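J.: What follows is a single structure, and I will ask about it in a moment.
The values are calculated or read from the model by the stated rules, or taken from the named source; none is laboratory data. Quick caveat: nothing in here was measured; it's all calculated off a predicted structure. In this analysis, Cβ positions are derived from the backbone assuming ideal geometry, glycine residues included, and neighbour counts consider all displayed protein chains. Areas reflect the complete protein model, heavy atoms only, side chains present, ligands, DNA and RNA absent. Shrake-Rupley method; radii C 1.70, N 1.55, O 1.52, S 1.80 Å.
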Amino acid sequence: MTGASFKRCTLEIAADRYDEAVAALLDLGLVGWQERLPVLTFWLTDDAYAAAEGSGAVVALRELGHFFVEPEASGWEDQWRRFHRPVTAGGVTVRPPWAEPRPGTLDVIIDIGMAFGTGSHTTTRQALTALAGLPRTSLLDAGTGTGVLALAAMRLGFAPVFACDNDPAALAIAEENARRNGLRPLLFGADVTVADLELPQADIVVANIALGPITALGARYAAARAAGQAHPRTVVLAGLLDEQVAPALAAFAGYRRQRVELEGEWACVVLEAAP
């Protein structure tokens, strides 16, 4: 998109509007954004912003909190590149293509341009750390985004690795990142909130997504367990704010909390199916 003009959009929200804000940004077709809660920052081309104004999306964003828009200065793409640096968690280094590998760690290259998911976000680091401590077996990354967790899981030795997302743009980026890393996770399009949609069976499910789809996954697997049907043995939940842990746990009836890791306002939960 060289030569395009961009607007820098900043949305400041209350904690209880986070899920609504995420839904609104996904409706804009964004693959990702920067988070420094309570502030979400994202970029739109001038044309995309005009379309968002015309569709009423900008009005919806303003209703969620304080919404600020300003033209982005030229050269900001280079500043973005400087912002994204390699991050190591769980023995895996997630790095952009312009950074060098870190010796002694497993290497995952993620190129997402202006999107969320390079590994620098707290929730991604938490999920990577949790995965590194689990037995290497089959895994489903529910809501894969850029593919970072699925690719890291493959580097760690999990197999087979399935990965799904309901956003075709995200899947295209995940496919490109898989190619870049020479890895072949089993990628497919799926909305995990659709209860009757069949998902592949895996021993471990990792979900770094919003509370709404997490509770939908919980209802799915709780029902399967109660019916004596196949269900994951272990579930790793990330993307949760501290106050969202309780409703997430309540959704996974028949699972027990193995551990909860907190970093700032973010929580990562590891659940095990009760015997």
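J.: How many residues does the stretch 252-275 contain that are out of contact with any helix residue (DSSP H, G or I) (no Cβ under 7 Å at 6 or more places or on another chain) and either without any contact (Cβ under 8 Å) to a residue 12 or more places away in the chain or open to solvent by 50 Å² or more (accessible area, probe 1.4 Å) (or both)?
T.: Residues flagged as out of contact with any helix residue (DSSP H, G or I) (no Cβ under 7 Å at 6 or more places or on another chain) and either without any contact (Cβ under 8 Å) to a residue 12 or more places away in the chain or open to solvent by 50 Å² or more (accessible area, probe 1.4 Å) (or both) within the stretch 252-275 amount to 4.
J.: Given the criterion over 24 Å from residue 125 (Cβ atoms), surrounded by 18 or more Cβ atoms within 10 Å (Cβ to Cβ), more than 15 Å from the chain's Cα centre (by Cα) and at pLDDT 95 or above, identify the matching residue among 186, 199, 249.
T.: Unique residue meeting the criteria: 199.
J.: Further, regarding this structure: Filter the stretch 172-183 for residues that are open to solvent by 20 Å² or more (accessible area, probe 1.4 Å), without any contact (Cβ under 8 Å) to a residue 40 or more places away in the chain and either touching an Asp or Glu at 6+ places or on another chain (Cβ under 9 Å) or not charged (D, E, K, R) (or both) and give the result.
T.: Answer for the stretch 172-183, where residues must be open to solvent by 20 Å² or more (accessible area, probe 1.4 Å), without any contact (Cβ under 8 Å) to a residue 40 or more places away in the chain and either touching an Asp or Glu at 6+ places or on another chain (Cβ under 9 Å) or not charged (D, E, K, R) (or both): 172, 182, 183.
J.: Next question. If you check residue 229 against the conditions, is it out of contact with any strand residue (DSSP E or B) (no Cβ under 8 Å at 6 or more places or on another chain) and polar (S, T, N, Q)?
T.: Answer is yes for this residue.
J.: Take the stretch 234-247 and flag every residue that is within 18 Å of residue 128 (Cα to Cα) and of a type outside the set (A, V, I, L, M, F, W, C).
T.: Those that are within 18 Å of residue 128 (Cα to Cα) and of a type outside the set (A, V, I, L, M, F, W, C): 234, 239.
J.: Do you know which residues across the stretch 126-155 are out of contact with any Gly (no Cβ under 7 Å at 6 or more places or on another chain), aliphatic (A, V, I, L, M) and either surrounded by fewer than 24 Cβ atoms within 10 Å (Cβ to Cβ) or more than 20 Å from residue 191 (Cβ to Cβ) (or both)?
T.: 127, 130, 134, 151, 152, 153, 154 - these are the residues of the stretch 126-155 that are out of contact with any Gly (no Cβ under 7 Å at 6 or more places or on another chain), aliphatic (A, V, I, L, M) and either surrounded by fewer than 24 Cβ atoms within 10 Å (Cβ to Cβ) or more than 20 Å from residue 191 (Cβ to Cβ) (or both).
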